[in-house]
1. Using a Förster distance of 41 angstrom, determine the FRET efficiency expected from the C-beta separation of D29 and A76, and round it to 0.05.
2. Residue by residue, what Karplus-based ³J(HN,Hα) values in Hz, rounded to whole numbers, does segment 60-72 have, using 6.51, -1.76 and 1.60 with θ = phi - 60° and x for Gly and Pro?
3. Residue-wise, which Karplus ³J(HN,Hα) couplings in Hz belong to segment 39-44, taking 6.51 cos²θ - 1.76 cosθ + 1.60, θ = phi - 60°, and x for glycine or proline?
4. Could the peptides 6-13, 64-71 be put in order, highest first, of the mean number of other beta-carbon atoms found within 10 Å of their residues?
5. Taking the mean number of other Cβ atoms within 10 Å as a proxy for protection, how do you rank 82-91, 17-26, 51-60 from highest to lowest?
6. Put a dot 7 Å past each Cα toward the Cβ at M1 and V19; how far apart are the dots in nm?
7. For a quick size check, give me the Cα extents of segment 9-61 along its three principal axes, largest first, whole Å.
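Values quoted throughout were computed directly from the atomic coordinates according to the rules given, and no laboratory measurement underlies them. Note that this is a predicted model, so its numbers are computed, not measured. Methodologically, a virtual Cβ is constructed for each residue, glycine included, from the backbone with ideal geometry; neighbour enumeration extends over all protein chains shown.
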Amino acid sequence: MNISVSLTPALVDMIKAKVEGGLYRSTSDVVREALRLLERADRQEADYGEHLRRAWNEGVESGDAGPLDFAELKKAARLTPEHVTRAMNDVVDAVGSEPNEFSSAASRQVLSRVEW
């Protein structure tokens, strides 16, 4: 099936360069590949949208996180990796847990021990 499309001069030059460079045998091959890439990008975008919807629903279903202290949030946002590492090591020493086993209470301890 033949379809006629109008392209900008820049797109025509790009297609010609691909064919002349030997990457593709014809302008049709270039256009087919471009459409395959567009289809893949559309599919990835749809998959990511579904991922975001699932994450949103999981967050909603997990319930209220409780009150939010904006002053503490600002402090946490200003932390450097060194601050966090030092505080986490202090808490690990104090509660005898590995960092990946921290509870919410232990996480609050980390923030309270950070040297500002």
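1. On the way: r = 53 Å, r/R0 = 1.29.
Using R0 = 41 Å, I get an efficiency of 0.20.
2. 5, 5, 6, x, 5, 7, x, x, 10, 9, 5, 5, 5
3. Working through the residues one at a time gives 4, 4, 4, 4, 5, 5 Hz.
4. Working: 6-13: 9.8, 64-71: 7.4.
The densest-packed peptide leads the list: 6-13, 64-71.
5. The most tightly packed comes first, giving 82-91, 17-26, 51-60.
6. The answer from the label model is 2.2 nm.
7. Extents along the principal axes, in whole Å: 56, 19, 14.
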